[in-house]
Amino acid sequence: MPLEPSYSHIYVENGAADYPFAKSLLEKFKRAKVINIHDYKEVFNRPKQDFDLQKQSPKLILAVKKDKFLYDGSRFVQDSNNINFFYNALSLNCPYDCSYCYLQGMYSSANQVCFVNLEDFFSATEQAIEVRRDQSQPLYLCISYDTDLLGFESIAPYCRKWIEFCRGRAGELLIEIRTKSANFSALADLPADPSVVLAWSLSPQEVCHRHERKTPSLKSRLHAMSQAIQAGWQVRLCIDPILPIDNWDACYRELVDIIFMEIKPEALLDAHLGVFRMSTDFFSNARKRRPAQELFYRPWKRERGTITHPEAEREALTNYVKTLLAKRLPEEKIRIW
Amino acid sequence: MESLPRSSYSHGRMILFIFALLPEAQPFLQRLKLKKHSLGTGLEIYLNDEYAALITGIGKVPAAVCTARAMQLTELADVVHIVNIGICGCREVTAPVGKCFLINNIKEMATGRTFFPDMLEKHSFTEGTLITVDCPQKADSSNTLIPALYDMEAAGIFQAASAFISIDRLHFIKVVSDHLHDKLLCRDTIQQLIDSVVDEVLNFVSTFSITLPIDVINEQEHAALDNLQLALRLTQTQSAQVRDLAMAFRLSGRAGLVEKLSVVANNFPKNSTKASRKLALEQIDHALRA
């Protein structure tokens, strides 16, 4: 069945089109059909959407975020014990399509929502910096948590805007931009900033191919990561989730070897490791929406509202990759979920 | 009129066309050679193996009621796409009579609610906004009119149909019949207007995917799973575990599921015990993961 190209239609919430960020986005899609809507939720939250099919022809929804410009850090990330840890949701959904992603259980739509009122996010962040609980530490903010902003940078330049916002805020703000993108070139003209961590999620090529649809290859990601390091950026290595594919141990050993052939260990800020985990509700939704995802039929364990590996398997996966990394990195630089 | 013998029920996937009026339906009935069947009082349904057509009468409530009734019929259990086709009024004189639109949003005038069919399939139509009203609109009768197309059924059809199938499989195609004047259109005019778009609509419809996403396990494999469940007297939880293993097995691209399940089913006595079921599950797990 021939489908419309991605972003063939742009739904624009009342008032959103007046924002400069929205104007620049609309300018990039002059041939798209624009449909005016009252509230992004009337399109995004519709019942009976086909997530799978929408992923093949996603639409853009431009909206104004009214509240909740910052969320408390999630228990599903490695920094969950940091009391200054927050994340925000500048965009809902992700240009990539990973089979283990919780977004397919979190949202009923695969369409991409872009919030265009960046100034409101900046104001809320400034206030949060002022009142952060541990004033000796910067406010730690993940801006690419429910999405992949760098992967979407050529369309919506959120990373650029946030990096500009970070200028001169070293010590009071630290943002993490987590990505699978190879699009470092979109930021290459910006000077490296100590308030910004660029975090690359890397997986064995077999995982990229089978479980991370639409993402750049391992080689391309590694190249982008290397470019960022050379340009002086703080770079985090993320191997998350470690998936128990066939011959997983050999695959991850090879991955670590490939990484350190390209990158000097001392150039990395740190490394985050994790295994598959998803809230039980999201897992149940995701399985209903995408019943043909092989990963959903593994013998997972339900543990305190989370679907994850049985403990022994989880430990085997993380310990193995941790041991590989520990040969190159000091242990205190390795964080595990 | 003929009543439908059970043996001729469709076994394939079906596309349902919904019309308000018989003259709107006529060009499709003729082109697709659809035959009228008696499937319930007040339900005019025309069928062949691939297509069905339903005539609802005028207004969003009759349209919603007929759509919901039709979608509950076993004869229409295989409907995977619904296409509402009909004439509409248009305030804009720049859209000439006969122009055909694919609708990307439907506003229900009475409630202020808006419904959005998913615009996923590639198409060659002009897209438009449709407003479903409760009585015919006149160009000079209201100052609340906005530039759009006007009909009297689409919002009702959308709401009823979306209870049964996903919204990417709902399509609304409207042909401009007038510019909101109050003259009644004759039957022949309506038929001609629709007749002029039949080819374009059928072309569009021919691109639809008529498979459903969940066809990973085929009928034979389902039967083998049912058989295993009965043979081993599996609990609901155990049965779900086996089906998960079967799904993982098929999704990994491997074949021979029926044989593997049959071997296990035949290996165990009919009077299974808790211990033998556990052992059987271990064997299935081993056989399907290997």
Can you tell me the convex hull volume per residue for the range B:219-289, based on C-alpha atoms, in Å³ to the nearest whole number? 72 Å³
Would you mind getting the Kirkwood hydrodynamic radius of the range B:6-205 from its Cα pairs, rounded to one decimal in Å? 16.8 Å
Alpha-carbon gyration tensor eigenvalues x 5, square-rooted, for the range A:41-179, Å: 28, 16, 14
Which of the cysteines found in chain A have nothing to pair with, since no other Cys Cβ lies under 4.7 Å from theirs? A:94, A:114, A:142, A:159, A:166, A:208, A:238, A:251
What the Cα atoms of the protein assembly as shown span along the principal axes, largest first and in whole Å, is 84, 72, 37
Take every DSSP beta bridge whose two residues both sit in the protein assembly as shown, then give the antiparallel share in percent to the nearest 5. 30 percent
Taking the DSSP beta bridges in the range A:67-336 as the whole, what percent of them are antiparallel, to the nearest 5? 30 percent
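If each DSSP helix of 4+ residues adds -39,500 (n - 2.57) and the sum is divided by the residues in chain A, what number results at 222 nm, nearest 500 deg cm²/dmol?
The helix-only estimate for chain A comes to -9000 deg cm²/dmol at 222 nm.
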Please state the relative contact order of chain A as a whole percent: Cα pairs under 8 Å, 6+ residues apart? 15 percent
Out of the trypsin sites (Lys or Arg not before Pro) in the range A:23-64, which ones are loop residues according to DSSP with at most 10 other C-beta atoms within 10 Å? A:30, A:31
May I ask for the net charge around residue B:58, where only other residues with Cβ less than 13 Å from the Cβ of residue B:58 are counted and Lys, Arg are +1 while Asp, Glu are -1? -3
Among the listed pairs A:264/A:333; A:180/A:301; A:48/B:174; A:28/B:122, give every one whose C-alpha distance is greater than 18 Å. A:180/A:301; A:48/B:174; A:28/B:122
If unit charges are put on Cβ atoms (+1 for Lys and Arg, -1 for Asp and Glu) and the dipole of the protein assembly as shown is taken about its Cα centre, the option from A:141, B:241, A:124 lying farthest towards the positive end turns out to be B:241
Treating every alpha carbon of chain A as one equal point scatterer without solvent, the Debye formula yields log10 I(q)/I(0) values at q = 0.10, 0.13 Å⁻¹ of -0.60, -1.05
The range B:155-263, Rg to Rh (Cα coordinates; Rh as Kirkwood inverse mean 1/r): 1.28
Where both partners of a DSSP beta bridge lie in chain B, what percent of those bridges are antiparallel, to the nearest 5? 35 percent
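Every number here is computed from the coordinates shown, using simple stated rules; none is lab data. Just so it is clear, the structure is predicted and the values come from calculations on it, not from any experiment. As a convention, Cβ positions derive from the backbone with ideal geometry for all residues, glycine included, and neighbour counts pool all protein chains shown.
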